[in-house]
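Asks: The following block contains the structure, expressed as structure tokens.
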Amino acid sequence: MTSYCPVPGVGPITPADNGYQGGFAAGLMLKDLKLAMEAAQSAGASTPLGEHARAIYEEFAQENAALDFSAIIRSL
């Protein structure tokens, strides 16, 4: 939270200070979450919080895939 704060004006400059442009795109975060869920499933692991995060990013990325993943804070 101190080096990549999702809220503008806190700590060092992050994508939040630039309208959530740049950084690691929410669409890429969703891709990684899906890959992680597939890996967990293949290992037989139960990951209910991971599945919840994937669902949240799935909805968020529909209209915000190009924004930095931290922009999700605006919808929480």
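The values are calculated or read from the model by the stated rules, or taken from the named source; none is laboratory data. Every value quoted in this text rests on a predicted model; they were computed, and no experiment measured them. Every residue, glycine among them, receives a Cβ derived from its backbone with ideal geometry; neighbour counts consider all protein chains shown. Accessible surface areas use protein heavy atoms only, side chains included; no ligands, DNA or RNA. Shrake-Rupley method; radii C 1.70, N 1.55, O 1.52, S 1.80 Å.
Asks: With a probe of 1.4 Å, find how much accessible area the chain has per residue, and write the answer as a whole number in Å².
Replies: Per-residue accessible area for the chain comes out at 64 Å².
Asks: Once R0 is set to 35 Å, what does the formula 1/(1 + (r/R0)^6) return for the Cβ-Cβ distance between residue 18 and residue 47, expressed as a FRET efficiency to the nearest 0.05?
Replies: 0.65
Asks: Zone of residue 40 (label point 7 Å along Cα→Cβ, backbone N under 20 Å): which residues in the range 56-76?
Replies: It comes to 56-62, 69-70, 72-73, 76, nothing else.
Asks: Next question. Report the Rg/Rh value for the chain, based on alpha-carbon coordinates and the Kirkwood definition of Rh.
Replies: 1.04
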